[in-house]
Amino acid sequence: MTNPMDTSASTAINLVDCVVVGSGPAGGAAAYHLAKRGRSVVVFDRDVLPRYKTCSGGVSPAVGAWFDFDFSPVISKTVNQIRYTWKVGDPVDATLNTSEPMWMVNRSEFDHYIVQQAQSHGAEVHGGTTVLGVKFKGDRWLVKTDKGDVQAKYVIAADGATGPMAKWLGFGDREVRMGAVLEVPSQDNNPNAQFDFGIIKNGFIWCLPKAGGYSIGTGTFRGKDNEDLKDALLEYASLKGLNITQAKFHTHPMCLWTEDQQLHTRNALLAGETAGLSDPFTAEGIRPALFSGMKAALAIDGSLAGDSQALANYTTIIQQEWGQDMIWAQKLANIFYRVPGIGYKVGVKRPSATDRLCKIMCGELKYADVANRALKRLSGGLIPGLG
Ligand SMILES: Cc1cc2nc3c(=O)[nH]c(=O)nc-3n(C[C@H](O)[C@H](O)[C@H](O)COP(=O)(O)OP(=O)(O)OC[C@H]3O[C@@H](n4cnc5c(N)ncnc54)[C@H](O)[C@@H]3O)c2cc1C
């Protein structure tokens, strides 16, 4: 992808502390924390806001601690019951033994709400505005959009798995895998989140309830991308007896974590899926997007205040607080999705395992705390006598 700023002459308007590209959870969190600290910030999103994002919308309640506003207006449902199944049969029910239930959100509402909180602190938000290129000139960025240009001291690339910013800023190609969601309207009042193994090879299906329906998501975590995501979701919905006449199918790439990488360059940071932070075992991406957006804002605030190491420290913080645990998530994914039948039997079906997985998803436990034992059990299932 070429960066049009390399060739075009632009007339720049105004100078702001930071331009944030993308208004998803990473961009929204970054804008909020910058604006709250009195920094001038402009957010661009190519979609008209609020916008739909292909996502099941399961959010760890742990994220609430990073914001000083109340998320309850945009929590569609809370869930503390989980049902695991193998091809919709052989169910295992678990109750979340966590301090708060999981949040189920509609992304169009959730993401826009965060951006509106940023606006209330002075952030300028332009939906329906595509960033066409960026160029560093002198001591600032020139950000070219289809509605005009802006100059910024710093840039945060939060343009997600399909955005061009990482490439324009000189970062290498990221590995993307395809994910899909079937949105099924329903008047059921099912309180369970459901996770099904066995229908999709090298991955799983997650069926999350919202007020008014289910967001049934899937994706794969190893091997070649599965091209039959739609068939798998339709098979699941039909086995569950759901009425799919009004269902809508969406696909979207995911940037799962593969390895720690540098996330800063001259006066610019990558956050959220642009930084490839989604969990390679579960595809959880909202929590790391919010976390990295917040940390990116703090780093830029520090840099504006004269801390010359602030941007480099951002890379280190994300590696230490997220990347190190993702190494374990990736190890688990590599073995679990290779032998999901064994994983279901020796892992998912154990009450203690479900309890731990729930705690990981709620941010109350790290993979590092449990992965060694889990890997041993999975290997024990493969190698009789071990584990
Ligand atoms: C099928 C599926 C199911 C998922 N389910 C879950 C789940 O249940 N829970 C969970 O935690 N995670 C889930 N995820 C992951 C989660 O959706 C993402 O990790 C999350 O959206 C990443 O947030 P972000 O802010 O980094 O990027 P995004 O939310 O993708 O936002 C990026 C924004 O940048 C904008 N943009 C792109 N290019 C430009 C440009 N040139 N100019 C201006 N704007 C631009 C886009 O329009 C977009 O609004 C799922 C993902 C998939 C694919």
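The values are calculated or read from the model by the stated rules, or taken from the named source; none is laboratory data. Small disclaimer: the values here were computed from a predicted structure and weren't measured. All Cβ positions, glycine included, derive from the backbone under ideal geometry; neighbour counts span all protein chains shown. Protein only, heavy atoms only, side chains kept; ligands, DNA and RNA dropped before computing areas. Shrake-Rupley method; radii C 1.70, N 1.55, O 1.52, S 1.80 Å.
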- Message: Quick one: 3J(HN,Hα) in Hz for the stretch 41-47, Karplus 6.51/-1.76/1.60 with θ = phi - 60°, rounded, Gly and Pro as x.
- Response: 9, 10, 10, 10, 9, 5, 8
- Item | Percent accessible area from carbon and sulfur atoms, the chain, protein chains only, probe 1.4 Å | 48
- Name the long-range amide H neighbours of residue 125: under 5 Å, sequence gap of 5 or more, or other chain; modelled H, no Pro or chain starts. 43
- Solvent-accessible ranking of 131, 48, largest area first, probe 1.4 Å: 48, 131
- Task: Quick one: angle between helix 324-336 and the longest Cα principal axis of the chain, in degrees between 0 and 90, rounded to 10, please.
- Result: 40
- Message: Could you report the stretch 339-382's accessible area per residue, 1.4 Å probe, as an integer in Å²?
- Response: 47
- Item | Cβ-Cβ FRET estimate between residue 249 and residue 130, R0 fixed at 25 Å, reported to 0.05 | 0.50
- Message: Over all directions, the average projected area of the alpha-carbon convex hull for the stretch 339-382 comes to how many nm²?
- Response: 2.8
- The answer for residue 268, listing residues at least 5 apart or on another chain whose modeled amide H is closer than 5 Å to its amide H, is 155
- Message: If I stretch the segment between residue 231 and residue 186 completely, what's the gain in nm (0.36 nm per residue apart, minus their alpha carbon distance), one decimal?
- Response: 14.2 nm
- Identify which of 190, 14, 267 has the largest mean-square fluctuation in a Gaussian network model of the chain, with springs joining Cα atoms closer than 10 Å. 14
- Task: Give the distance, in whole Å, between the Cα centre of the stretch 214-236 and the Cα centre of the stretch 143-212.
- Result: 15
- Query: If you take the beta carbon distance between residue 339 and residue 113 as r and set R0 to 35 Å, what does 1/(1 + (r/R0)^6) give as a FRET efficiency, to the nearest 0.05?
  - Reply: 0.30
- How high is the FRET efficiency between residue 352 and residue 51 when r is their beta carbon distance and R₀ equals 51 Å, given to the nearest 0.05? 0.80
- Item | DSSP beta bridges in the chain [antiparallel fraction, %, rounded to 5] | 65
- Task: In whole Hz, with x marking every Gly and Pro, tabulate ³J(HN,Hα) for the stretch 77-91 from phi via Karplus 6.51 cos²θ - 1.76 cosθ + 1.60, θ = phi - 60°.
- Result: 7, 10, 9, 10, 10, 10, 10, 9, 9, 10, 6, 6, x, 6, x
- Message: For a quick check of understanding: with a 1.4 angstrom probe and all protein chains in place, what accessible area in square angstrom does residue 113 have, to the nearest ten?
- Response: 40
- Using the Cα gyration tensor of the stretch 150-222, with a ≥ b ≥ c the square roots of its eigenvalues, what is the shape: rounded (a/c below 1.5), prolate (a/b larger than b/c) or oblate (neither)? oblate
- Query: When the chain is modelled as a GNM with alpha-carbon springs shorter than 10 Å, which of 108, 120, 215 fluctuates the most?
  - Reply: 120
- Message: Restricting to DSSP H runs of at least four residues, report the calculated mean residue ellipticity at 222 nm for the chain, -39500 (n - 2.57) per run over all residues, nearest 500 deg cm²/dmol.
- Response: -9000 deg cm²/dmol
- Of the residues 379, 351, 362, the Cα lying farthest along the dipole of the stretch 339-382 towards its positive end, which is defined by charges on the beta carbon of Lys, Arg, Asp and Glu, belongs to 379
- the chain - charge dipole about Cα centre, Lys and Arg +1 at Cβ, Asp and Glu -1, debye rounded to 20: 640
- Query: Size of the dipole of the stretch 339-382 about the Cα centre, Lys and Arg at +1 and Asp and Glu at -1 on the beta carbon, nothing else charged, in debye to 20?
  - Reply: 160
- With the Cα gyration tensor of the stretch 221-367 giving a ≥ b ≥ c as the square roots of its eigenvalues, does the rule (a/c under 1.5 for rounded; else a/b larger than b/c for prolate; else oblate) give rounded, prolate or oblate? prolate
- Looks like the stretch 83-165, by Cα gyration tensor root eigenvalues a ≥ b ≥ c and the a/c under 1.5 rounded cutoff (else prolate when a/b is bigger than b/c, oblate otherwise), is prolate
- Note on the structure: Both in Å, the radius of gyration and Dmax of the C-alpha trace of the chain are 21.0, 71
- Query: Tell me, in nm to one decimal, what length is gained between residue 304 and residue 72 on full extension, where the rule is 0.36 nm per residue of separation less the Cα-Cα distance?
  - Reply: 80.2 nm
- Task: Would you mind telling me which residue in 275, 312, 152 has the biggest mean-square fluctuation in a Gaussian network model of the chain, where springs connect alpha carbons within a distance under 10 angstrom?
- Result: 312
